[in-house]
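Read through the structure below, which is laid out as structure tokens, and then see the notes.
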Amino acid sequence: MTVLSRDQAAAAKRIVLKVGSSSITGDNEDQINRLVDALAEAHGRGTEVVLISSGAVAAGMPFLKLEERPADVATQQAAASVGQNVLIYRFQESLDRYGIAAGTVLLTEGDVLTEPHKSNTRRALDRLLDLGILPIVNENDTVAVYGLRFGSNDRLAALVATLIRADLLIMLSDVDALYTRAPHLPGAEKLDFIAADDPLTGFEFGAGGPSGVGTGGASTKVVAARIATKGGTAVLVTSTDLAAEALRGEHVGTWFEAVVRPDGYSLL
């Protein structure tokens, strides 16, 4: 199905949900349980959910005794290697409460854009979902140097959503919606609905968040949303603490209208 409005979100058959580093690491580590509660509720309705989880570098930093995100690539890679294991352990421990198994899928850009890797990735994710597994996807930060320096998991989430023909992409962060400018600035207005043909001119979207551990921001979410909506997947941008409401189709966040294609989708 092609989800056209928020109130159809609860009926979506396949959802990609992306969560940022600052929402599930450090002081917000306890939000993992709340996020899993929301995922399990959707899973219980029969919804297929793919989780795109940032946070490997941030989760690994304490184990490397780092107080700030490392500047050099080799240390970033080391932190990601340790942190990915930590993240999956935390998610699986929480998912055990619902009897849901997670599967780890680490991707590079070529795995979603270049054949035959693209077809292999789609087949693997489809099969995991068929088996009732919750795929937890992240960029393979230990080897994907380009992704560590310039990429974002917002873009990865959009590419994955398009690749597997998801009905809806939900991007979560520590802000409840997108605003016309940074929400703490005077005159900032919440964006409720963005039409498929809206050029979004005149808005000031910041490129980074306040935590210092993530690489995404409002601007990367807008770019990612355009990738997904052009492929036929609707997008909702909201905060992690509103994940359950978003998955239920409640009126939260910023909704990006999908482009309706004759065949329902336009794969990259």
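The values are calculated or read from the model by the stated rules, or taken from the named source; none is laboratory data. Here the structure is a predicted model, which means the values were calculated and not measured. Using ideal geometry, Cβ is built from the backbone for each residue, glycine included, and neighbour counts are taken over all protein chains shown. We work out accessible area using only protein heavy atoms, side chains counted, and drop any ligands, DNA or RNA first. Shrake-Rupley method; radii C 1.70, N 1.55, O 1.52, S 1.80 Å.
Laid out as a table, the results:
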item: Subset of the range 159-181 that is assigned to a loop (DSSP other than H, G, I, E, B) and not acidic (D, E) - its residue that is farthest from R14 (Cα to Cα); result: R181
item: Subset of the range 82-113 (residues that are aromatic (F, W, Y) and touching a Ser or Thr at 6+ places or on another chain (Cβ under 9 Å)); result: F91
item: Meets criteria (open to solvent by less than 20 Å² (accessible area, probe 1.4 Å), over 24 Å from I24 (Cα atoms) and either modelled with pLDDT of 95 or more or touching a strand residue (DSSP E or B) at 6+ places or on another chain (Cβ under 6 Å) (or both)) for I164; result: yes
item: Output for the range 107-119, where each listed residue is surrounded by 15 or more Cβ atoms within 10 Å (Cβ to Cβ) and either β-branched (V, I, T) or in a helix (DSSP H, G or I) (or both); result: T108, D111, V112, H117, K118
item: Residues located in the range 176-188, provided they are touching a strand residue (DSSP E or B) at 6+ places or on another chain (Cβ under 6 Å) and among the hydrophobic types (A, V, I, L, M, F, W, C); result: A177, L178, A188
item: Filtered residue count, the range 14-48, keeping only those that are in a helix (DSSP H, G or I), closer than 21 Å to A246 by Cα and either open to solvent by 10 Å² or more (accessible area, probe 1.4 Å) or modelled with pLDDT of 95 or more (or both); result: 17
item: Total residues in the range 92-106, condition surrounded by 14 or more Cβ atoms within 10 Å (Cβ to Cβ) and more than 8 Å from L134 (Cβ to Cβ); result: 6
item: Selection from the range 135-158 of residues that are open to solvent by less than 30 Å² (accessible area, probe 1.4 Å), modelled with pLDDT of 80 or more and outside any loop (DSSP other than H, G, I, E, B); result: P135, I136, V137, N138, E139, N153, D154, L156, A157, A158
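To keep it simple, each residue is scored yes or no on (1) in contact (Cβ under 8 Å) with a residue 12 or more places away in the chain; (2) of a type in the set (D, E); (3) not in a helix (DSSP H, G or I).
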| position | (1), (2), (3) |
| --- | --- |
| V50 | yes, no, yes |
| G60 | yes, no, no |
| A74 | no, no, no |
| A79 | yes, no, no |
